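> Sharing a structure with you now.
Since every read-out is calculated from the coordinates, none of them should be taken as a lab result. No experiment lies behind these values; they were computed from the predicted model shown. Cβ placement follows ideal geometry from the backbone for every residue including glycine, while neighbour counts extend to all protein chains displayed.
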Amino acid sequence: VLISLKFGYLLHLIYEAEEELVDADISLKNDSLNYMISPTILKIMDYVNTNYKKNFTLDDIAKEFNFSKTWICKCFFQSNQMTVSQYKLSLQLNEAKRLLVDTKYSIEKISSIVGFSSANYFCKSFRKNVGVSPLQYRHQYEPKS
């Protein structure tokens, strides 16, 4: 399977090089894992970074980049040690943390801003991943008077 993935990726790079769609210098070295992240995975990461507040699926990413969902999942995980959905969730939660500390927005408003379907789901996800509720997180960072 790994050989098949690498061969498919190689064919894709050849296609992109022939079409002049890729710059060879845009690979990113992942020092902690000591390998290069492919330009396509970087583009997928950029797509998620840009659209994490929106409701999109792996099917949408596969159509956008013309790769199979399986290829995207395997390569993304190899590059980042997390799935696309875990990566999206981490972006959402990091933005939510920022909004909790920097704004007075309600939990419902923050959950909507960062792209959760409901405030209840947001609170459950936040508690599961951060270890405290959004309100507890906000109170930890309130200025002491």
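> How much length is gained if the chain between residue 112 and residue 43 is pulled fully straight, taking 0.36 nm per residue apart and subtracting their Cα-Cα distance, in nm to one decimal? Each step should come with its number before you reach the end.
On the way: separation 69, 0.36 × 69 = 24.84 nm, distance 2.55 nm.
Residue separation times 0.36 nm, minus the Cα-Cα distance, leaves 22.3 nm.
> Pop a pseudo-label 7 angstrom from the Cα along the beta-carbon direction at both residue 124 and residue 105 and give the gap in nm to one decimal.
Each label point is offset 7 Å from its Cα along the Cβ direction, giving 2.2 nm.
> What's the local net charge at residue 132, with K and R +1, D and E -1, over the other residues with C-beta under 14 Å away? Intermediate values should be presented prior to the final figure.
Working: positive: 97, 124, 127, 128, 138; negative: 142.
Combined, the nearby Lys, Arg, Asp and Glu give +4.
> Any of 74/124; 43/124; 69/109; 74/97; 88/124 with alpha carbons more than 25 Å apart? Name them for me.
74/124; 43/124; 69/109; 74/97
> What's the FRET efficiency of residue 83 with residue 136 using the Cβ-Cβ distance as r and R₀ = 22 Å, to the nearest 0.05?
Details: r = 27 Å, r/R0 = 1.23.
Efficiency, rounded to the nearest 0.05: 0.25.
> Which whole-Hz couplings ³J(HN,Hα) result when phi for each residue of segment 117-122 is put into the Karplus expression 6.51 cos²θ - 1.76 cosθ + 1.60, θ = phi - 60°, listed in order with x for Gly and Pro?
Rounded to whole hertz, the list is 6, 8, 5, 4, 5, 4.
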